[in-house]
Every structure is written in structure tokens, then in C-alpha cells.
Amino acid sequence: MSKSRRQFLRDTSHFFLGSAIAFRGNTQQPDEVPPGMPSAFGVGPAFGPAVSTSSFAEAEKLMQVQMTDAQRAMAAATWRTTMAPIYERRTGPRKVTLESSLAPASRWDPVLTSMKAGPERDRFVRTQTDPGPLPSSDDEIAFASLTRLSRWIEQKLNSQRLTKIYLRRIEQFDPKLRCVITLTRELALAQAAKADTEIAAGDYRGPLHGIPWGGKDLLDTAGIATTYGAETYRNRVPAEDAAVVKRLHDAGAVLVAKLSLGALALNDIWFGGQTMNPWLPEEGSGGSSAGPAAAVAAGLVGFAIGSETGGSIVDPSMRCGISGLRPTYGRVPRTGHDSVLVARQARSHDPQGGRHDARAARHLRP
């Protein structure tokens, strides 16, 4: 039955009146505004720890900016009522300590329901390519592909010899490239000697056994400084290895150096200077996996570990002319690693028989 005009107006009035009462009953009072949600910028309650002008003076070193005394004073006086509430709103009060092994709350899976998620078995299938004869030149060995190095180590090349080749090249070229933050000479020689002993005894661990490598200096290494390329963390020494480092140790790889990254994984400038491109030493190598890219391109390591959030492998790989492999998100564990993605950097294959290698050596010759 249709309603009369009078009934419609009466019922509609009751609806709006009830809605208004309900809205008024749920209206939040000004003193109940949650943290980080002031009615206007700079007028909300203060949050976070107190800061001083010296706090901003230290931050300037990392951000490479210069503030005046007046600007520092203004920033210190207003920080807790302006910027701190914004961070409070984004992150919330940090009252819970999260374990490094805790999995993310959400997981992104690109595989559709009608598709298979990769091969039936998760295994590494190695090709049987003949690496060819071992070159007589140390430079040719240093610039050889990882595939050839691996086969030579298994069959005819001593890991200690290969490690010493890379250590000599680091000593020769790093003063110009500035790609090494911490040289792990003693550890490398010990790991190489152990690899030679194991391989000679028939205990071959796999393709990376005895191969010298370098790690971007945001991978934790037990007892070895991990600095993030930042002056503030220059003396930071972690107690445990990152998951990636543990896996490479288990695989028998030889760690020769912790490699540079831009301070806090930004660009190619760290507390030791700027990491340079081996092909064009007048320009930086790109960031933030600057050291891994430069070291691989200059033949200072057999391979290197980099990381990427938004171009940190792609940029320096393009700049330095090497191959950078970025795995699917979640494929490589990030425990003990201060970034989003970890990837192995490998030197690109040169079908021209090492012509580029010789040119790089000429650029870097003292």
C-alpha cells in the first residue's frame, strides 16, 4: 500500500532526527583526539623524546644539509608538536618489541589459482658446461664468469690462489673505487684453506664452494662491523650472521669484503667517500648497492650480494655494466638484513673474449 504524503513526511522526519541524535552521541570531544591527529598542524599535544639542537647538527651529517643556528633552534623547539605527531600517527606508539624472525602480517602472492607456483621440486640443476683451460693470467682468472670459476675450483684451481688474486686486486684498485668498507682478509684466507682441504678430501659442497664473494654492508656478519655506510654505525658489530651470510658460509663461499652502500642505503656516498664506476672513474657507481656493482665490474670478487627496495640493484648494475639478479619478494630471507630484497650480483658474460675486462684494467691502473 502506498503511503500518503503526510505519512512520508512524518517517517522521514523521524529518520533524520534519529540520525542527528546518533551522530551527536558519537561526536568525539577535543580532549579525546587520538595521538597524531591534532585539529591543525603544530597545535596538538607533544609526542616523542625531547630533542636538542645537537640532535639536528648530527642529523645534518647524514642528510648532507646545512642549517643555521636559528633554524636548529626552531626545529628543536617545535619538533615534538609538529613532526613527531606525524610519525606517531604513521607508526603508533612503539611499545611492542618485534622479533627479527617474525613474518609479515600480509603476504603478496602473484600466482593465480589456475597456475602452478614454480617447479614440482625446489632444486638447483647445474649445467655440465666445460669451463675450458685455466688461464695463465691472474687478471683473466679474476674476470672469469662465476660458472667457470666454480668448475675450475672443483677441478683445477686452488681456492687460496683465487682468494689471493682478489685480495691483491682489492689492494690495487679499491683506493680509487672506494667500494670496500671492511676487508676480511684473515677470515677469507682461513675459509679458502678450509675449502681446499674439503674439496681435496672429496667433500665438495656445491657451486659456491671456495668462491670469494663480497657482501653489501647491511648484511650482519658476526664479529665483523656492519655499518650501513653511515658514520653513526661505523663501530656497530653484530653478534650473529644474517640468514644469507649463514647460507653462504654453509655453501663454503669465501667472504673477502663488506662492500659499500650509500649511507643508510641511499645513493653511493658513504662515510669513506663516493664509490666510483670502474668503467668511468669520474662518475659514481650508482646506489645503493654501489660497492657490490663496482667490485664485480672491476673483478675484485667472484660475485657479490646486493639488495634492492627501489632500484638499488638495477641502477648500479646498469651504470657499471654487470648483471644484477633480484629475486621474487619473500624468496630470500631478510633476517639480519636491513633492506627489503637481497640478490646475488653476477658479472655479465662477455662474448668478446674479455675485451671489456682489459679496458677496465686500463682505467684503473695506478
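Can you say whether Leu208 is more than 20 Å from Arg148 (Cβ to Cβ) and among the hydrophobic types (A, V, I, L, M, F, W, C), as far as the supplied structure shows? Break it down stepwise before answering.
Working: more than 20 Å from Arg148 (Cβ to Cβ): no; among the hydrophobic types (A, V, I, L, M, F, W, C): yes.
Here the answer is no, as Leu208 does not meet what is asked.
Within the stretch 284-315, restricting attention to residues that are at pLDDT below 95 and part of a helix (DSSP H, G or I), the residue that is surrounded by the fewest Cβ atoms within 10 Å (Cβ to Cβ) is Val314. With respect to Ala200, determine if the residue is surrounded by fewer than 23 Cβ atoms within 10 Å (Cβ to Cβ) and more than 24 Å from the chain's Cα centre (by Cα). Yes. Number of residues in the stretch 210-239 that are buried (at least 18 other Cβ atoms within 10 Å of the Cβ), touching a residue at least 60 places away in the same chain (Cβ under 8 Å), under 17 Å from the mean Cα position of the chain (by Cα) and over 16 Å from Glu58 (Cα atoms): the value is 9. For the stretch 268-281, which residues satisfy the criterion of being outside any loop (DSSP other than H, G, I, E, B) and either within 17 Å of Gly324 (Cα to Cα) or touching a strand residue (DSSP E or B) at 6+ places or on another chain (Cβ under 8 Å) (or both)? Selection gives Ile269, Trp270, Gln274, Met276, Asn277. A count restricted to the stretch 204-226 and to residues that are part of a loop (DSSP other than H, G, I, E, B) and of a type in the set (Phe, Trp, Tyr) stands at 1.
Residues are listed down the side, and each one gets a yes or a no for (1) among the basic types (Lys, Arg); (2) in the same structural domain as Ala142 (by TED's automatic domain parsing); (3) assigned to a strand (DSSP E or B); (4) more than 24 Å from Glu171 (Cβ to Cβ):
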{"position": "Ala188", "(1), (2), (3), (4)": "no, yes, no, no"}
{"position": "Ala193", "(1), (2), (3), (4)": "no, yes, no, no"}
{"position": "Asp196", "(1), (2), (3), (4)": "no, yes, no, no"}
{"position": "Gly202", "(1), (2), (3), (4)": "no, yes, no, yes"}
{"position": "Tyr228", "(1), (2), (3), (4)": "no, yes, no, yes"}
{"position": "Asn235", "(1), (2), (3), (4)": "no, yes, no, no"}
{"position": "Val244", "(1), (2), (3), (4)": "no, yes, no, yes"}
{"position": "Val256", "(1), (2), (3), (4)": "no, yes, yes, no"}
{"position": "Leu266", "(1), (2), (3), (4)": "no, yes, no, yes"}
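If Leu255 satisfies every condition in (1) under 15 Å from the mean Cα position of the chain (by Cα); (2) surrounded by 21 or more Cβ atoms within 10 Å (Cβ to Cβ) but one, which is the exception? Against the list (1) under 15 Å from the mean Cα position of the chain (by Cα); (2) surrounded by 21 or more Cβ atoms within 10 Å (Cβ to Cβ), Leu255 comes up short only on (1). Within the stretch 62-81, not a single residue is assigned by TED's automatic domain parsing to the domain that holds Gly48, within 27 Å of the chain's Cα centre (by Cα) and at pLDDT below 75.
Identify the residue in the stretch 169-197 that is among the basic types (Lys, Arg) and within 25 Å of the chain's Cα centre (by Cα) and, among all such residues, is nearest to Ala257 (Cα to Cα). Working first, answer last.
As a first pass, look at the stretch 169-197 and keep what is among the basic types (Lys, Arg): 169, 176, 178, 185, 194.
Going one step further and asking which of them are within 25 Å of the chain's Cα centre (by Cα), we end up with 169, 176, 178, 185.
Details: Arg169: 12, Lys176: 16, Arg178: 12, Arg185: 8 Å.
Within the stretch 169-197, the match that is nearest to Ala257 (Cα to Cα) is Arg185.
Do we have Gln155 as touching a helix residue (DSSP H, G or I) at 6+ places or on another chain (Cβ under 9 Å) and more than 12 Å from Val301 (Cα to Cα) here? For Gln155, the condition - touching a helix residue (DSSP H, G or I) at 6+ places or on another chain (Cβ under 9 Å) and more than 12 Å from Val301 (Cα to Cα) - is not met. Of the residues making up the stretch 294-341, those that are in contact with a Gly (Cβ under 8 Å, 6 or more places away or on another chain), without any contact (Cβ under 8 Å) to a residue 60 or more places away in the chain and small (Gly, Ala, Ser) are Ser312, Ser317, Gly324.
The values are calculated or read from the model by the stated rules, or taken from the named source; none is laboratory data. Worth saying up front: this structure is predicted, and the values here are computed from it rather than measured. Counting neighbours? That spans all protein chains shown, and the Cβs are built from the backbone with ideal geometry, glycine included.
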